[in-house]
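Colleague: Sending over a structure as structure tokens; questions will come in a sec.
The values are calculated or read from the model by the stated rules, or taken from the named source; none is laboratory data. Predicted model, so just to flag it, every value in this text is computed and none were measured. When we count neighbours, we look across all protein chains shown, and the Cβ atoms used for this are built from the backbone with ideal geometry, even at glycine. Each accessible area value is taken on the protein alone, full model and side chains, heavy atoms only, with ligands, DNA and RNA left out. Shrake-Rupley method; radii C 1.70, N 1.55, O 1.52, S 1.80 Å.
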Amino acid sequence: MESLFLKEILGDHTPHCGFKNTGTAVIFSNFQSADIVIGQPNFETNSSTPLSGASLNQPGPVTVSGNQLYISDSRNHRILGYHQIPTLNGSTADFVIGQTDLVSSNLANPPTATSFSFQWSITSSNNRFFVADATNNRHLIYNSLPTTNVAADVVLGISNFTTVGAGTCSNTDLSSSEGVSSANGKLFIADEGHHRVLIWNTIPTSNYTPADIVLGQADFTSCNPNRGGPTPTASSLSTPGGVWTDGTKLFVADSNNGRVLIWNSIPTTNGQPADLVLGQSSMESAVSTTTAGGLFVGGVYNVFSTGVQLIIGDANNHRVLIWNSIPTTNGQPADTVLGQSNFINNAANDDAQTGVAGVTPTSRTLYSPYGVYLAGKQLFVSDFENNRVLIFKGK
């Protein structure tokens, strides 16, 4: 199955992407309006041009380290950086990674240690920075947080920085890999094209380091969706686009099964089954629904948890779902929805809530929200087709 890009496409608790677990849920309300927009001058525009330090073209997930914000600007093959989280609409980035300046969007061929090709997830942990360089079939590791277009220090999925990864099914290769997270000195990668999640028990320090554990497959040389079966199981995956860990639990956005899988403790054996499923009524189900407990198949590419609450971008339902406590039962319904006024509506940019897609966005509508990230009381939503990132302030 094609990845998000081909179709059109973390962290220790201290400095872990700027998040500190306070033990208290941040509260949002249904159909809440965003407070700030990045990538657009206002809430009613969604153009990706002209290219500048204030524009975005189908942005992927964001990450925050301290007060520093990074946005994966996927179609411009760059990451925009802000030394402070913006407080004004349309703020211009302070620096760029992956391009030489803020008005370039070049696609390097062959790749380099300072270039990306439709990169997707980004994350930081213990001052390191990780980039899922999706269509180069590789992941890049920076040993310190970049604030200029510096070269990455380590590459996974290939042995050097100037070759596109072959995408072989092995313990070292990656295929259209889009998700990345790091916690407690471990690295987790959602290897989407191989229908698996890879775990490194220590952060790699050399190129092409093999993974230690695989999930979604029985071994490192098997790469079929749902292990070749007709339906999913607790130990299979189909195009997993996102992964998140708080160091205790593991969450995987299993896109083409329309679900998020939860492991209540970090897996230690190959093919270990998940403990819980969200978005579906059982581990063997993969149907699209628009309910408080359902997700749409093919649009679940990012998940975020604080250890207290859980947030999922349900992109094909054009909404974000929020659980104010970590779910404990299969198919547990969400508490809050953004982008829609209820858990039944699912049209894009539908401010009037008529069930018909709107022509222009507003401060409370969404159009394929793939990325979600909570830092303090600010929720960042990567509103992919509206070419913007929204910031919602919670209570």
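Colleague: Kindly provide the set of residues from the stretch 216-234 that are open to solvent by 10 Å² or more (accessible area, probe 1.4 Å) and either modelled with pLDDT under 95 or assigned to a loop (DSSP other than H, G, I, E, B) (or both), ordered by number.
Modeller: First pass over the stretch 216-234, keeping only residues open to solvent by 10 Å² or more (accessible area, probe 1.4 Å): 218-231, 233-234.
If the condition is that a residue be open to solvent by 10 Å² or more (accessible area, probe 1.4 Å) and either modelled with pLDDT under 95 or assigned to a loop (DSSP other than H, G, I, E, B) (or both), then A218, D219, F220, T221, S222, C223, N224, G229, P230, T231, T233, A234 are the ones that fit.
Colleague: Restricting attention to the stretch 299-333, and to residues there that are open to solvent by less than 10 Å² (accessible area, probe 1.4 Å) and in a loop (DSSP other than H, G, I, E, B), which single residue is modelled with the lowest pLDDT?
Modeller: If we take residues in the stretch 299-333 being open to solvent by less than 10 Å² (accessible area, probe 1.4 Å) and in a loop (DSSP other than H, G, I, E, B), then T306 is modelled with the lowest pLDDT.
Colleague: Let me ask something additional. Within the stretch 164-195, which residues are open to solvent by 20 Å² or more (accessible area, probe 1.4 Å) and aliphatic (A, V, I, L, M)?
Modeller: Those that are open to solvent by 20 Å² or more (accessible area, probe 1.4 Å) and aliphatic (A, V, I, L, M): V164, A166.
Colleague: Using beta carbons and a limit of 7 Å, which pairs, at least six apart or on different chains, have the first residue in the stretch 362-376 and closer than 11 Å to I391 by Cβ and the second one of a type in the set (S, T, N, Q)?
Modeller: As it stands, the answer is S363/S33; Y373/T63; L374/T306, since those pairs meet every condition given.
Colleague: State yes or no: is L237 within 20 Å of V64 (Cβ to Cβ) and in contact with a strand residue (DSSP E or B) (Cβ under 9 Å, 6 or more places away or on another chain)? Before you say what the answer is, go through the steps one by one.
Modeller: Details: within 20 Å of V64 (Cβ to Cβ): no; in contact with a strand residue (DSSP E or B) (Cβ under 9 Å, 6 or more places away or on another chain): yes.
In short, no.
Colleague: Taking the condition of being aliphatic (A, V, I, L, M), closer than 19 Å to I158 by Cβ and in contact with a strand residue (DSSP E or B) (Cβ under 9 Å, 6 or more places away or on another chain), how many residues in the stretch 98-121 meet it?
Modeller: Number of matching residues: 1.
Colleague: Can you name the residue in the stretch 214-255 that is of a type in the set (A, V, I, L, M) and more than 21 Å from the chain's Cα centre (by Cα) and, of all such residues, is farthest from Q309 (Cα to Cα)?
Modeller: From the stretch 214-255, those of a type in the set (A, V, I, L, M) are 214-215, 218, 234, 237, 243, 250, 252-253; that's our starting set.
Remaining after also requiring more than 21 Å from the chain's Cα centre (by Cα): 218, 234.
Details: A218: 31, A234: 22 Å.
Only one residue tops the list, namely A218.
Colleague: Which one of G60, G90, G81 is modelled with pLDDT of 95 or more, among the small types (G, A, S) and on the phi > 0 side of the Ramachandran plot? Before you say what the answer is, go through the steps one by one.
Modeller: Working: G60 fails: on the phi > 0 side of the Ramachandran plot; G81 fails: on the phi > 0 side of the Ramachandran plot.
When all the criteria are applied, what remains is G90.
Colleague: Which pairs have Cβ atoms under 8 Å, sit 6 or more apart or on different chains, and link a residue in the stretch 244-259 that is over 15 Å from P327 (Cβ atoms) to one that is assigned to a helix (DSSP H, G or I) and open to solvent by less than 10 Å² (accessible area, probe 1.4 Å)?
Modeller: S255/L4; S255/E192
Colleague: Something else about it: From the list E44, E2, which one is more than 21 Å from H83 (Cβ to Cβ), part of a loop (DSSP other than H, G, I, E, B), open to solvent by 20 Å² or more (accessible area, probe 1.4 Å) and modelled with pLDDT of 95 or more? Let's see the steps before the verdict.
Modeller: Numbers: E2 fails: modelled with pLDDT of 95 or more.
After applying the criteria, what remains is E44.
Colleague: Using the structure shown, decide if T205 is open to solvent by 20 Å² or more (accessible area, probe 1.4 Å), modelled with pLDDT of 95 or more and of a type in the set (V, I, T). Let's see the steps before the verdict.
Modeller: Numbers: open to solvent by 20 Å² or more (accessible area, probe 1.4 Å): yes; modelled with pLDDT of 95 or more: yes; of a type in the set (V, I, T): yes.
Yes, satisfied.
Colleague: Inside the stretch 349-374, can you point out the residues that are open to solvent by 10 Å² or more (accessible area, probe 1.4 Å) and of a type in the set (A, V, I, L, M)?
Modeller: Listed by number, the residues that qualify are A352, V356, A357, V359.
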